[in-house]
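Read through the structure below, which is laid out as structure tokens, and then see the notes.
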Amino acid sequence: MMPGRGKMTVTGNLRDVMKESISAAASYVRSRAAALAIDESVFRENDLHIHLPAGAIPKDGPSAGITLTLAIASALSGRPVRRDIAMTGEVTLRGKVLEIGGVKEKVLAAYRSGLREIIMPKSNEKDLRDVPDEVRKNMSFVFVERMDEVLRLALLEPVSDELADEVKPEPSPGIAGVTTPADREEPSVVVGD
């Protein structure tokens with residue numbers, strides 16, 4: 001986020017479905033501005049640049065929807081995001097979290113990255129049968145139906161200005177990690193497509 005006129009720039013060799021996910025995420029956050037304590041002037045007086053790294057690699061699919069929504073909410077509200085949790089799920093404009101594919105692969109990626117808690121759509125609970133028993137036993141799964149649940153679970157309280165200089169970010173746990181405001185130069189996508 002930077003001073004500007006309300007423009008959003010999206011980069012990183014994104015395909016149409018991923019671009020649509022980002023637009024839906026931004027619209028959802030704007031619709032929930034009051035609940036997130038985001039003043040309307042923030043949308044008019046700032047620009048957002050969303051970059052998904054490894055620009056040469058095409059990215060598509062809606063699975064990063066809750067992650068993108070959370071990242072935008074974090075940037076605009078000034079509230080950090082938990083770094084110890086993975087997530088995946090598509091989000092509608094009204095905040096419903098929809099089923100995604102590739103659950104086994106996404107859970108295994110989070111597990112290999114050292115994360116032991118994952119947020120995913122309630123409708124994907126049945127897909128855990130494909131995940132190896134050892135991984136299931138060592139992970140905690142939080143099943144959600146609405147984006148508001150994700151915000152309550154993963155969005156932390158703001159860091160006061162006095163403490164901001166004293167807070168040192170932890171090393172990023174990798175592609176399955178979640179960013180904090182200190183990491184915003186290159187936000188990571190959590191267990192998406």
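Points to keep in mind about this one:
- Using the average count of surrounding beta-carbon atoms within 10 Å as a protection proxy, the listed peptides 148-156, 128-136, 83-91 rank, highest first, as 83-91, 148-156, 128-136.
- Based on C-alpha pairs under 8 angstrom that are at least 6 apart in sequence, segment 33-147 has a relative contact order of 22 percent.
- Span from the segment 1-52 Cα centroid across to the segment 141-160 one, whole angstrom: 18
- Footprinting exposure proxy for 48, 115 (fewest neighbouring C-beta atoms within 10 Å first): 48, 115
- Interchain or long-range residues, amide H under 5 Å from residue 51's placed H: 11
- Ellipsoid semi-axes in whole angstrom, largest first, where each is sqrt(5λ) of the Cα gyration tensor of segment 1-155: 28, 17, 14
Bear in mind that the values in this text are calculations on the coordinates, not laboratory data. If you're wondering where the values come from, they're calculated on a predicted model, not measured in any experiment. All Cβ positions, glycine included, derive from the backbone under ideal geometry; neighbour counts span all protein chains shown.
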